[in-house]
Amino acid sequence: MNTLSKSAQRHATILLFGATGDLAQRMLLPSLFALHADGLIAPDLRIIGTARTPLDDAGFRELARAALEKHLPDDRKAGDRLHAFSSRLYYQPLDASTVEGFDRLAAKAGDISGGLSIVLSTAPSLFEPTIKGLASAGLAGDNVRIGLEKPLGTNFISSAKINDAVSAAFPEHRIFRIDHYLGKETVQNLMALRFGNMLFEPVWNSAHVDHVQITVSETVGLEGRADFYDGAGALRDMVQNHMLQLLALIAMEPPGAFDATAIRDEKVKVLRALRPLSEGDCVRGQYGPGTSSAKSVPGYEGDLGKPSDTETFVALRARIDNWRWHGVPFYLRTGKRMAERRSEIVVQFKSVPHNIFKGRYGKLQANTLIIRLQPEEYVRLLVMAKEPGLERERVILREVPLDLSLSEAFHGSRRRIAYERLLLDLVEGDQTLFVRRDEVEAQWRWVDAIRRIWAEQAEAPKGYTAGSWGPVAGLALTERDGRSWHE
Ligand code: BG6
């Protein structure tokens, strides 16, 4: 089994498409800076930025410096590290929609015999021409890897078209599809929890688990991304990628090894086993005016400045058709302008088969495992314990948490941006935390079927007040099964 891709050589140059964009400024440049500051990338690694904006090296260095000043924590900016980092940066303006400028880009890249890692963080419409341009300029050879940032298409067909275009120039082992959730430390911890402990795996199945909940709620609204978001909506923005990846990591069989092939083989089996949803299994909502972080905020259409049918909330009841998960619902919900920012997985276990405390006031709650991914990072197991006391007739039981706070347990270790991990893996050629084509395709197939249901229903999304937990119908999704969302 190979952990690293066939071309696993540590690359000497990074080429960043979309280098002046929002993601580059907020995440990619700060992540590269962190790798630089911690000595995790080679001292001579060069970072070449490219975008349409006409800048020279000095202009890009200035842009990067301003972005780092804005986005780095204060303790990271100290000393001359910013200056040393900026000397790694170069820039070549490029209109990626035509092949013409790519020769100049190749000339700027110069000698790439030390390996080239490309990150495409551009509009999806530029993916195909960019790949053509790279191939025509000799920037797609054996020692070149390509990282693709979402959105990779808007449905199965458009994503297959992008994947075909990319694979015409790059074989799968040199394609690194980014889902930044996989770079999060706590998401990788799901595997540590499941497969590094004896405790959980024997009860991780339909005999013991009643249901699973995955919540990714955000308090932010549109954040100036109207053009992209209004054409995407919560289902395609969050469920198609991040939430289905979380579901796959929670539900997959134990892989034979911690490597790219073994892990992705198991994830894709789960994604393919997702049962197509029926009408009553999915709820879409859109936020109206309300309150967020103690401030009045407009509704989605107010933010957008025009009427829209785009959903900013979605709740689903998913089923996985295999032996392990037979009869176990997976409830998923995500939304903008919700009550709290929270990413969390809740595994609700079944009740004990026989309550020996019955008749002595001993009320039992079924065990709950809460895996909080953000903003806090903890694993909490709710277990039953006896309340202290000398009562003879009664045994009073209470639910108490067994807490593992990851930030406390690993106090002193730096919390990393997800992209730090992913960029390092790209440069080093490790595909374990990147999404394979068959996974993306299974994800799109399932999501497309949900969108077909919505298109047939032709109903407007259900309204919810900004700052709430979503529309009433979202709550009803669990309530009618006699369950409730963990809040
Ligand atoms: C992105 C979505 O992929 O993930 C955004 O496009 C969303 O809409 C973001 O806000 C959430 O990421 P995180 O890491 O803040 O949970």
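The values are calculated or read from the model by the stated rules, or taken from the named source; none is laboratory data. Small disclaimer: the values here were computed from a predicted structure and weren't measured. Here Cβ is always computed from backbone atoms with ideal geometry, including for glycine, and neighbour counts include all displayed protein chains. Accessible surface is based on the protein model in full, side chains and every heavy atom, while ligands, DNA and RNA are left aside. Shrake-Rupley method; radii C 1.70, N 1.55, O 1.52, S 1.80 Å.
Any chance you could run the full-extension gain for D309 through T291? It's 0.36 nm times the residue separation minus the Cα-Cα distance, nm to one decimal.
4.3 nm
Among A207, F176, T219, which residue has its Cα furthest toward the positive end of the charge dipole of the stretch 103-246, with +1 on Lys/Arg Cβ and -1 on Asp/Glu Cβ?
F176
When the solvent-accessible surface of protein heavy atoms is calculated with a 1.4 angstrom probe, in what order do K350, K267 fall, highest first?
Ranking K350, K267 by accessible area, largest first, yields K350, K267.
Between V352 and A207, 0.36 nm times their residue separation minus their Cα-Cα distance comes to what? Show your work: numbers first, answer last.
Working: separation 145, 0.36 × 145 = 52.20 nm, distance 1.13 nm.
So the chain would gain 51.1 nm between V352 and A207.
Taking the Cβ of K108 as the center, what net charge do the other residues with Cβ under 12 Å away carry, scoring Lys and Arg +1 and Asp and Glu -1?
Net charge in that neighbourhood comes out at -2.
On a 1.4 Å probe surface of the protein chains, which of E201, E185, E487 comes out largest in accessible area, and what is the full order?
Working: E201 40, E185 85, E487 105 Å².
Descending accessible area places them as E487, E185, E201.
With a 1.4 Å probe and all protein chains kept in place, how do M243, M198 rank by accessible area, largest first?
The most accessible residue leads, giving M198, M243.
Can you give me the C-alpha center-to-center distance between the stretch 87-144 and the stretch 165-216, rounded to a whole angstrom?
Measuring centre to centre over Cα atoms gives 31 Å.
Probe of 1.4 angstrom, ligands and nucleic acids ignored: what's the accessible area per residue over the stretch 59-116, in square angstrom? Walk me through the numbers on the way to the answer.
Working: 2930 Å² over 58 residues.
With all protein chains present, the stretch 59-116 gives 51 Å² per residue.
If packing is taken as the average number of other Cβ atoms within 10 Å across a peptide's residues, how do 204-210, 477-483, 229-235 rank, most packed first?
229-235, 204-210, 477-483
Take N322, project a point 7 Å from its Cα along the Cβ direction, then tell me which residues of the stretch 440-483 have their backbone nitrogen under 20 Å from it.
Residues 440-447 qualify, since their backbone N sits under 20 Å from the label point.
Between I157 and E62, how many nm apart are label points set 7 Å from Cα along the C-beta direction?
4.7
Hey, which of these cross-link pairs are over 25 Å Cα-Cα: K70/K108; K161/K267; K184/K386; K184/K336?
On the way: K70/K108 28 Å; K161/K267 23 Å; K184/K386 37 Å; K184/K336 20 Å.
K70/K108; K184/K386, as the Cα separations exceed 25 Å there.
For L89, what charge total do you get from the other residues with a beta carbon under 14 Å from its beta carbon, if Lys and Arg give +1 and Asp and Glu give -1? If you can, show how the numbers build up before the last one.
Working: positive: R46, R61, R65, R81, R88, K108; negative: D44, D56, D57, E62.
So the environment of L89 carries a net charge of +2.
Go ahead and run the numbers for FRET between K77 and R194, Cβ-Cβ distance against an R0 of 35 Å, rounding to 0.05.
So, using R0 = 35 Å, E works out to roughly 0.40.
Over the chain, what relative contact order in percent results from Cα pairs under 8 Å that are six or more residues apart?
Values: 899 pairs, mean separation 94.8, N = 487.
With pairs under 8 Å counted, the relative contact order is 19 percent.
Any idea how far apart S113 and R10 come out in nm if each label point goes 7 Å out from Cα toward Cβ?
That separation, rounded to one decimal, is 2.0 nm.
Could you sort 462-472, 48-58, 388-398 so that the peptide with the highest average Cβ count within 10 Å comes first and the rest follow in order?
Descending packing order for the listed peptides: 462-472, 48-58, 388-398.
Set Lys and Arg Cβ to +1 and Asp and Glu Cβ to -1, take the dipole of the stretch 1-152 about its Cα centre, and tell me which of A123, H36, F102 lies farthest positive.
H36
Dividing the convex hull volume of the Cα atoms of the stretch 149-197 by its residue count, what figure in Å³ per residue is obtained?
Numbers: hull volume 5.0 nm³, N = 49.
Cα-based convex hull of the stretch 149-197, divided per residue, equals 101 Å³.
For the chain, what does -39500 (n - 2.57) per DSSP helix run (n ≥ 4), summed and divided by total residues, give at 222 nm, in deg cm²/dmol to the nearest 500? Numbers along the way, then the final one.
On the way: 16 runs with 156 residues, N = 487.
For the chain, the value works out to -9500 deg cm²/dmol.
Report the net charge of residues surrounding V297, where surrounding means a beta-carbon distance below 11 angstrom and charges are Lys +1, Arg +1, Asp -1, Glu -1.
+2
Whole number please: convex hull volume per residue of the Cα set in the chain, in Å³?
For the chain, the hull spanned by Cα atoms encloses 167 Å³ per residue.
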